[in-house]
Amino acid sequence: MWFLVLGLFLFLGTHALRIGGDAMRERLLGRLGPRYFKIFYSLTSVLGFALLVYGFGIARDTPVLLWTPPPAMKHVAYLLTLVAMVLMAAAYVPRNGIKAKLHHPMVLSVKTWALAHLLANGTVAHLLLFGSMLLWSVLLFKASRARDKLKQVVYTPGNNASTILTLEIGIAMWLVFVGWAHGWLVGVQVMQ
């Protein structure tokens with residue numbers, strides 16, 4: 001479990017530098033310079049991610065059950081992960097209406113994905129991993145929206161063609177993931 005905790009600390013810690021404002025990030029940038037800041041950020045993120053994946057794998061081998069989710073939660077998780085995939089696509093497809101409206105769809109994607117997994121799983125490892133991700137994404141979304149308001153950020157309006165493309169890509173990613181990729185990457189086949 002310690003590998004998972006350390007991985008979460010490193011991975012989410014680097015990705016949380018701007019939650020309390022830009023002061024800590026700016027201090028690190030000033031001390032390290034842009035090049036070494038990027039190297040530090042990247043290496044810490046990769047190390048944290050590797051540790052959390054490894055730690056979660058170990059924790060899954062000896063699960064400690066906290067609760068047994070009702071069978072219906074599996075179906076709720078399918079729906080929420082579909083929404084998460086559409087939100088993820090919205091982060092990358094230019095000029096889509098979803099990003100124009102929500103402004104930070106990738107963070108919302110992580111929030112939705114984490115919630116889906118919390119609802120469908122009841123072990124300590126799932127609570128640690130997905131609960132941490134959910135908390136991080138809630139705080140980051142709030143901080144990002146506040147920063148946008150402070151800087152008076154104006155988002156480009158979306159158009160219908162890009163929004164439809166976003167939906168199509170998100171649905172396709174979801175179908176690939178639940179039909180095959182989740183089993184291949186995570187070792188748990190969700191659609192049987």
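So the values come out like this:
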{"read-out": "Evaluated over the chain, the Cα radius of gyration and Dmax, each in Å", "value": "18.0, 52"}
{"read-out": "Cα centroid separation, the stretch 1-25 to the stretch 156-172 (Å)", "value": "31 Å"}
{"read-out": "Over the stretch 1-62, equivalent-ellipsoid semi-axes from the Cα gyration tensor in Å", "value": "27, 12, 6"}
{"read-out": "Whole-angstrom gap from the stretch 29-61 to the stretch 73-88, using each part's C-alpha centre", "value": "27 Å"}
{"read-out": "Cut-off 13 Å between beta-carbons: net charge of the residues surrounding VAL93, Lys and Arg +1, Asp and Glu -1", "value": "+1"}
{"read-out": "At R0 = 45 Å, FRET efficiency that the Cβ-Cβ distance of THR62 and ARG145 yields, to 0.05", "value": "0.70"}
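Read-outs: derived from the displayed coordinates by stated rules, not from any lab. Everything numeric here is computed off the predicted structure, so don't read it as measured data. Every residue, glycine among them, receives a Cβ derived from its backbone with ideal geometry; neighbour counts consider all protein chains shown.
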